[in-house]
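The values are calculated or read from the model by the stated rules, or taken from the named source; none is laboratory data. In this text the structure is predicted, and so the values were computed from the model without any measurement. Every residue, glycine as well, gets a Cβ built from its backbone with ideal geometry; the counts of neighbours run over all protein chains shown. Ligands, DNA and RNA are stripped out before the accessible areas are found, and what is left, the full protein with its side chains, is counted by its heavy atoms. Shrake-Rupley method; radii C 1.70, N 1.55, O 1.52, S 1.80 Å.
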Amino acid sequence: MNSNIYLKPLTLANAEQVLQLRNRNRDYLKKYEPIRPESYWTLEVQQEMLINGEQNFEAGQGYVFGIFESVSEQLVGRIEISGVARGPFQNGNLGYFVDQDHHGKGYASAAVQQCLQFAFTEAQLHRLQAGVMPWNTPSLRVLEKSGFRREGLAERYLHINGNWEDHVLYAITIEDWQRLTIN
């Protein structure tokens, strides 16, 4: 596992770092995200989102982590398990991004591996799923390397950058993950 990064839950104390990360990647991430209102790019909205994230973390409904470089301790990305459903489903949705200046270092793969460890041990989930636009080859590779299986294509799945985009759906269960970690 890549020990050049570590995950840490994002808290209100990280608001300025999160805002800087978001602003550095604003243009780059447009093609991957919904259109954001101008207020999204303010410290106040980032603080509000971090407070909500902390509350969801405590309630076991969602988990937002910063991806930090081990040596510099710089925030270089974000990974989240959202939409956690408990009861018989025990499922969450995985989403992540790495600062464009840090691509190609294996940070996304390492972050996904660490997030899986958390999801299946501490959060006690049974399944994680992720959706990726079919043309996002690097992210498809990250999920496949991490043991996710392709489950199908969801047409016009999410409204991204003003368009209804298809997404390839992937999932991994605790049984899949255990097989991978034993070998």
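Return the total of residues in region 83-140 being within 24 Å of Tyr157 (Cα to Cα), among the aromatic types (Phe, Trp, Tyr) and part of a helix (DSSP H, G or I).
Going through region 83-140 one residue at a time, the tally reaches 0.
In region 109-135, how many are farther than 24 Å from Arg86 by Cβ and surrounded by fewer than 16 Cβ atoms within 10 Å (Cβ to Cβ)?
2
Taking the criterion of being at positive phi, out of contact with any Asp or Glu (no Cβ under 7 Å at 6 or more places or on another chain) and part of a strand (DSSP E or B), would at least one residue in region 145-158 satisfy it? Show your work before the answer.
Start the filter on region 145-158 by keeping residues that are at positive phi, which leaves 147, 152, 156.
Then keep just the ones that are out of contact with any Asp or Glu (no Cβ under 7 Å at 6 or more places or on another chain); that gives 152.
Restricting the remaining residues to those that are part of a strand (DSSP E or B) gives 152.
So far as region 145-158 goes, yes, one or more of its residues are at positive phi, out of contact with any Asp or Glu (no Cβ under 7 Å at 6 or more places or on another chain) and part of a strand (DSSP E or B).
Find the residue count for region 166-183, including only residues that are part of a helix (DSSP H, G or I) and surrounded by 16 or more Cβ atoms within 10 Å (Cβ to Cβ).
Final tally of qualifying residues: 3.
Which of (1) surrounded by 12 or more Cβ atoms within 10 Å (Cβ to Cβ); (2) small (Gly, Ala, Ser); (3) touching a Leu at 6+ places or on another chain (Cβ under 6 Å) is the odd one out, the single condition Ser139 does not satisfy?
Exception for Ser139: condition (3).
State all residues of region 29-44 that are charged (D, E, K, R), in contact (Cβ under 8 Å) with a residue 40 or more places away in the chain and within 21 Å of Glu16 (Cβ to Cβ); if no residue qualifies, say none. Before you say what the answer is, go through the steps one by one.
Initial filter on region 29-44 (charged (D, E, K, R)): 30-31, 33, 36, 38, 44.
Cutting the leftovers down to in contact (Cβ under 8 Å) with a residue 40 or more places away in the chain gives us 30-31, 33.
Of everything in region 29-44, just one residue is charged (D, E, K, R), in contact (Cβ under 8 Å) with a residue 40 or more places away in the chain and within 21 Å of Glu16 (Cβ to Cβ), namely Glu33.
Of Gln61, Gln47, which residue is assigned to a loop (DSSP other than H, G, I, E, B), open to solvent by 30 Å² or more (accessible area, probe 1.4 Å), of a type in the set (S, T, N, Q) and touching a residue at least 12 places away in the same chain (Cβ under 8 Å)?
Among Gln61, Gln47, only Gln61 is assigned to a loop (DSSP other than H, G, I, E, B), open to solvent by 30 Å² or more (accessible area, probe 1.4 Å), of a type in the set (S, T, N, Q) and touching a residue at least 12 places away in the same chain (Cβ under 8 Å).
Within region 163-177, is there a residue that is closer than 23 Å to Ser70 by Cβ and among the hydrophobic types (A, V, I, L, M, F, W, C)?
Checked against the condition, which is being closer than 23 Å to Ser70 by Cβ and among the hydrophobic types (A, V, I, L, M, F, W, C), region 163-177 yields no hits at all.
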